[in-house]
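The values are calculated or read from the model by the stated rules, or taken from the named source; none is laboratory data. This one's a predicted model, so the numbers in the text were calculated from it and none came from an experiment. As a convention, Cβ positions derive from the backbone with ideal geometry for all residues, glycine included, and neighbour counts pool all protein chains shown.
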(Lines give C-alpha, C1' and ligand atoms only; values in the text may rest on other atoms or scores of the structure.)
Protein backbone atom coordinates (compact mmCIF):
# COMPACT_ATOMS: atom_id res chain seq x y z
CA UNK A 1 0.00 0.00 0.00
CA UNK A 2 1.27 3.46 -0.80
CA UNK A 3 1.88 5.61 2.23
CA UNK A 4 0.11 8.97 2.20
CA UNK A 5 3.42 10.85 2.10
CA UNK A 6 4.53 8.95 -1.03
CA UNK A 7 1.70 10.11 -3.30
CA UNK A 8 2.52 12.95 -5.68
CA UNK A 9 -0.31 15.38 -6.40
CA UNK A 10 1.69 17.28 -9.01
CA UNK A 11 4.22 16.39 -11.69
CA UNK A 12 7.16 14.70 -9.87
CA UNK A 13 9.77 15.60 -12.54
CA UNK A 14 11.73 18.06 -10.41
CA UNK A 15 11.68 15.82 -7.33
CA UNK A 16 12.78 12.75 -9.33
CA UNK A 17 15.65 14.71 -10.87
CA UNK A 18 16.76 16.15 -7.50
CA UNK A 19 16.77 12.74 -5.81
CA UNK A 20 18.71 11.05 -8.62
CA UNK A 21 21.20 13.93 -8.89
CA UNK A 22 21.90 13.38 -5.21
CA UNK A 23 22.32 9.64 -5.81
CA UNK A 24 24.71 10.39 -8.65
CA UNK A 25 26.78 12.78 -6.51
CA UNK A 26 26.80 10.63 -3.36
CA UNK A 27 26.81 7.03 -4.56
CA UNK A 28 27.69 6.87 -8.24
CA UNK A 29 30.25 9.63 -8.86
CA UNK A 30 33.45 8.30 -10.34
CA UNK A 31 32.20 4.75 -10.90
CA UNK A 32 33.26 3.30 -14.25
CA UNK A 33 29.67 2.30 -15.04
CA UNK A 34 28.77 5.99 -15.43
CA UNK A 35 28.83 7.58 -18.87
CA UNK A 36 30.34 11.09 -18.51
CA UNK A 37 28.34 12.28 -21.54
CA UNK A 38 25.06 11.78 -19.66
CA UNK A 39 23.34 13.61 -16.84
CA UNK A 40 20.18 12.97 -14.83
CA UNK A 41 16.99 13.91 -16.69
CA UNK A 42 13.36 12.95 -16.06
CA UNK A 43 11.59 12.62 -19.41
CA UNK A 44 7.89 12.99 -20.26
CA UNK A 45 6.37 12.30 -16.84
CA UNK A 46 2.60 12.21 -17.19
CA UNK A 47 -0.45 10.93 -15.40
CA UNK A 48 -1.38 7.41 -16.24
CA UNK A 49 -4.42 5.91 -14.53
CA UNK A 50 -3.95 8.36 -11.66
CA UNK A 51 -0.26 7.62 -11.06
CA UNK A 52 2.82 9.09 -12.77
CA UNK A 53 4.88 7.34 -15.42
CA UNK A 54 7.98 8.65 -17.14
CA UNK A 55 11.46 7.80 -18.30
CA UNK A 56 14.65 8.56 -16.43
CA UNK A 57 18.01 9.09 -18.10
CA UNK A 58 20.90 8.50 -15.71
CA UNK A 59 24.64 8.35 -16.33
CA UNK A 60 24.43 4.61 -15.53
CA UNK A 61 21.01 3.59 -16.93
CA UNK A 62 17.80 4.52 -18.71
CA UNK A 63 14.67 3.37 -16.87
CA UNK A 64 10.93 3.72 -16.94
CA UNK A 65 9.56 4.89 -13.58
CA UNK A 66 6.14 4.71 -11.98
CA UNK A 67 5.64 7.13 -9.09
CA UNK A 68 2.46 7.06 -7.01
CA UNK A 69 -0.24 9.63 -7.56
CA UNK A 70 -3.88 9.00 -6.80
CA UNK A 71 -4.17 5.77 -8.80
CA UNK A 72 -3.73 2.09 -8.05
CA UNK A 73 0.02 2.23 -7.29
CA UNK A 74 0.92 -0.14 -4.47
CA UNK A 75 4.39 -0.09 -3.00
CA UNK A 76 6.13 -3.42 -3.24
CA UNK A 77 9.19 -4.39 -1.22
CA UNK A 78 12.53 -3.20 -2.51
CA UNK A 79 13.72 -5.70 -5.10
CA UNK A 80 10.29 -7.29 -5.53
CA UNK A 81 8.57 -7.11 -8.88
CA UNK A 82 5.15 -6.14 -10.15
CA UNK A 83 3.76 -6.45 -13.65
CA UNK A 84 2.05 -3.38 -15.11
CA UNK A 85 -0.10 -3.53 -18.22
CA UNK A 86 0.17 -0.58 -20.60
CA UNK A 87 -1.42 -0.11 -24.02
CA UNK A 88 1.72 -1.59 -25.62
CA UNK A 89 1.88 -4.65 -23.38
CA UNK A 90 2.85 -5.98 -19.95
CA UNK A 91 6.13 -4.97 -18.29
CA UNK A 92 7.86 -6.00 -15.08
CA UNK A 93 8.83 -3.19 -12.69
CA UNK A 94 10.96 -3.51 -9.57
CA UNK A 95 10.04 -1.88 -6.27
CA UNK A 96 12.31 0.74 -4.75
CA UNK A 97 12.32 3.51 -2.20
CA UNK A 98 14.48 6.63 -1.87
CA UNK A 99 14.53 9.39 0.72
CA UNK A 100 12.95 12.48 -0.75
CA UNK A 101 10.90 10.49 -3.28
CA UNK A 102 9.33 7.62 -1.38
CA UNK A 103 8.20 4.42 -3.05
CA UNK A 104 8.53 4.03 -6.80
CA UNK A 105 8.92 1.24 -9.32
CA UNK A 106 11.37 1.03 -12.21
CA UNK A 107 11.82 -0.97 -15.38
CA UNK A 108 15.31 -1.01 -16.86
CA UNK A 109 15.60 -0.14 -20.55
CA UNK A 110 19.40 0.22 -20.83
CA UNK A 111 22.13 -0.55 -18.34
CA UNK A 112 24.89 0.32 -18.74
CA UNK A 113 24.52 3.26 -21.14
CA UNK A 114 28.03 3.35 -22.56
CA UNK A 115 26.71 3.19 -26.15
CA UNK A 116 25.12 6.65 -25.89
CA UNK A 117 27.37 9.38 -27.28
CA UNK A 118 25.27 12.31 -26.06
CA UNK A 119 22.51 13.44 -23.74
CA UNK A 120 20.36 14.23 -26.78
CA UNK A 121 20.65 10.64 -28.02
CA UNK A 122 19.72 9.21 -24.61
CA UNK A 123 16.76 11.58 -24.23
CA UNK A 124 15.50 10.75 -27.74
CA UNK A 125 15.51 7.05 -26.84
CA UNK A 126 13.69 7.79 -23.56
CA UNK A 127 11.06 9.85 -25.39
CA UNK A 128 10.56 7.09 -27.95
CA UNK A 129 10.20 4.55 -25.15
CA UNK A 130 7.49 6.65 -23.51
CA UNK A 131 5.64 7.08 -26.81
CA UNK A 132 5.82 3.35 -27.45
CA UNK A 133 4.81 2.42 -23.90
CA UNK A 134 1.57 4.35 -24.05
CA UNK A 135 0.62 3.43 -27.64
CA UNK A 136 -1.24 0.31 -28.60
CA UNK A 137 0.60 -1.78 -31.17
CA UNK A 138 -0.91 -1.61 -34.65
CA UNK A 139 -3.40 -4.37 -35.29
CA UNK A 140 -2.18 -7.11 -37.54
CA UNK A 141 -3.88 -6.93 -40.91
CA UNK A 142 -4.48 -10.07 -42.90
CA UNK A 143 -2.64 -10.29 -46.18
CA UNK A 144 -4.78 -9.03 -49.06
CA UNK A 145 -6.43 -11.77 -51.08
CA UNK A 146 -5.94 -12.00 -54.78
CA UNK A 147 -9.08 -12.21 -56.90
CA UNK A 148 -9.02 -16.02 -57.19
CA UNK A 149 -8.51 -16.49 -53.42
CA UNK A 150 -11.28 -13.95 -52.71
CA UNK A 151 -13.73 -15.83 -54.94
CA UNK A 152 -12.83 -19.18 -53.36
CA UNK A 153 -13.39 -17.69 -49.90
CA UNK A 154 -16.61 -15.94 -50.91
CA UNK A 155 -18.00 -19.10 -52.53
CA UNK A 156 -16.91 -21.33 -49.66
CA UNK A 157 -14.59 -23.40 -51.83
CA UNK A 158 -11.14 -24.38 -50.74
CA UNK A 159 -9.86 -25.87 -53.99
Criterion (more than 18 Å from residue 42 (Cβ to Cβ), touching a helix residue (DSSP H, G or I) at 6+ places or on another chain (Cβ under 6 Å) and modelled with pLDDT of 85 or more) met by exactly one of 135, 88: 88
Filter result for residue 120 (more than 16 Å from the chain's Cα centre (by Cα), part of a helix (DSSP H, G or I) and modelled with pLDDT of 95 or more): yes
Failed criterion for residue 36 (all others in (1) crowded, with 18+ Cβ neighbours inside 10 Å; (2) free of Cβ contacts under 8 Å to residues at least 40 places away in the same chain; (3) closer than 19 Å to residue 116 by Cβ hold): (1)
Which numbered condition residue 77 fails, given (1) in contact with a strand residue (DSSP E or B) (Cβ under 6 Å, 6 or more places away or on another chain); (2) buried (at least 16 other Cβ atoms within 10 Å of the Cβ): (2)
Lone qualifier among 72, 4 - being modelled with pLDDT under 95, surrounded by fewer than 17 Cβ atoms within 10 Å (Cβ to Cβ) and out of contact with any strand residue (DSSP E or B) (no Cβ under 8 Å at 6 or more places or on another chain): 4
